[in-house]
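Structure record follows, encoded as structure tokens.
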Amino acid sequence: MITPAFELTQDPDFLTIIIKVPYARASEFDVYFEGEDFKFYAKPYFLRQLTLPGRIVEDGREKASYNTDKGTFTIRLPKEIPGQYFEGLDMLTSLLAPKKSRSAKPLVEEIAASAELSEEEEEFDWEIEQTPYKESAESTLPLQYRYGFGNLRSGVFQRLQDELSDVIDIKDPDQTPVDERRRKRLAAETAKFEPDHYLADFFEDEAIQHVLKYKPWWVDAHKKMTALQGESLQEHDTHTFVVFSEEEREQLRKFTNKSYLLDKRSRHHVYLGLIDILLAYCYEICVNEGDKNVESSWNVRKLSATLCWLESFSSIHDVLVSFGRRVLCYPLHRHFGLVTRAFNDTVMILQLGKAAVLKCLLDIHKIFMENDPAYILNDLFVTDYCIWIQKTKSKKLAALSESLRKTTLAKSHIGFELEELEAAAVLVQEEESTLKAAGTVSKQQLPSSESETSDSEESSSTSSETEGSDSDERESSTSEDGKINSLQGTLQEEKTAPLIDCNGLRQGTNTSSFEVSDEKSAVSLPSTSVPGKLVEELEKQMHTAIRLSEQPEGLATASCILQEQEE
């Protein structure tokens, strides 16, 4: 017999079951329903038993129809209590499970099952109780340490030594206790952290900012849920926000239903491990923008310490710190913004409920199934998570999401001194910018000083011409050459007075007459190639101008007239 594909929907008064039976003989089919039980048979399809989350009744309003084009039966069954909301209609694996009262289970499992039901009613504390360490004798230590979902497995890697190194980082997990696993993991992460890689992604983050803009499917679903938050869940089923594909439904039908006997401590590890796996998955979806590639399996298992180191966490904060450290150590993009983004996405998924969590777990299961060594992690963790989450109460996930949302993670918690690294890198960058700017300014000042020198030469020559023209005017106003000669003799005798040429340059005070050269260098300023000499000459000109202002006006005028005459 073949188990047919099916799906369930509801409205306030009816439960609708759609069963796909292509090539079946529609004239011969049987339907049985009573209370929470539903059965269907149409050769060669047989839906042995569905255990419904609510009761249905046979009162004459039930209806069944067959679509020959699609090969589907649509059966509408009235609810025993109109308006009742049936929770978990998309958890197909749990619906296919038989009722517990009819299962041939050992009595101890029945007692544990009732204990599990009572646990669901009590308030859940997400922090594991701490107990003082007691050193045990070697004879009392277990031969093999446990790991996997709920720490229910052991001895697996003893049989799979060839596959070990390609799947997890820890060596010999069967003989390594949990505390030692954690110490080795922290040491490996510290050795792997590369400050240069982190700072490169910190300053050059164009690619990272691009992937941060990607919006996966749960963002739109969360917006819809938030918009309808004030309305009753009975009016809006989770189908409104989360839709399973036909491939995902087929995955759910293939799972074998199981019951898990977990004590309180193991339940803590399971919930915290779920957060760790979802964080790694959200990072993978973000950086690859929803596309799968050959690195997808590596990203998910490498960033999750639960999968890679078989870690068992004790608090939500420890989960976040572990994930943050691994993001900054292993993948291609190592940016704290990606840690924050994965954190926010995980909160959204948990707030959407177990349907959204199950959809993500099914995708992880598919990723690992397509990778040769990673399929072991499906057997150890993911398959059990897919079955277990379907039976989890929604209020537990709501409480978990709220606790996760209130937990904070800062860069100082990571332990790699990220803030100090960033501050030091910013200072170095500022110093380099300052030195570069200073070098640019010095290069610009050198040609400008040369241009100023040439401008000074031009202004000096212009001043000489102007003074010469003034001297010509004074010379034309002088009436007799004899007076000039007498003044010249007077100047020669006045040895203590400074001699001033028309350019304002002072000659030696002990010389009795001027020596006028035909070369321009004797009259003009020094060459522009030596800025120091230029400054000295300008300083001399300033002193000369002061001394000239102290001399009698006629003396300076006569000197200029004399030089012009000789020229």
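The values are calculated or read from the model by the stated rules, or taken from the named source; none is laboratory data. Computed from a predicted model, the values in this text were never measured in an experiment. So basically every Cβ, Gly included, is an ideal-geometry build from the backbone, and we count neighbours across all protein chains shown. Please note that ligands, DNA and RNA were not included when accessible areas were found on the heavy atoms of the full protein model with its side chains. Shrake-Rupley method; radii C 1.70, N 1.55, O 1.52, S 1.80 Å.
Residues whose amide H lies under 5 Å from that of F38, counting only those 5 or more places away or on a different chain, are L50, L52; hydrogens are built 1.01 Å from N in the peptide plane. The stretch between K63 and F46, if pulled fully straight at 0.36 nm per residue, gains 4.2 nm over its current Cα-Cα span.
On a per residue basis, region 150-418 carries 42 Å² of accessible surface, using protein heavy atoms and a 1.4 Å probe.
Return the Rg/Rh ratio of region 284-328 with Cα-based radii and a Kirkwood Rh.
Rg/Rh: 1.02.
The amide H of E80, built 1.01 Å from its N in the peptide plane, has R55, I56, V57 as neighbours under 5 Å, considering only residues 5 or more places off or on other chains.
Rolling a 1.4 Å probe across the protein heavy atoms gives region 5-86 an accessible surface of 54 Å² per residue. Highest mean first, the peptides 351-364, 59-72 sorted by other C-beta atoms within 10 Å per residue fall in the order 351-364, 59-72.
Spin-label model, M369/L435: points 7 Å from Cα along the beta carbon direction are separated by 5.8 nm. Here the accessible area is traced with a 1.4 Å probe on the protein chains. For region 150-418, carbon and sulfur cover 51 percent of it. In this Cβ point-charge picture (+1 for Lys and Arg, -1 for Asp and Glu), region 150-418 has a dipole of about 1140 debye about its Cα centre.
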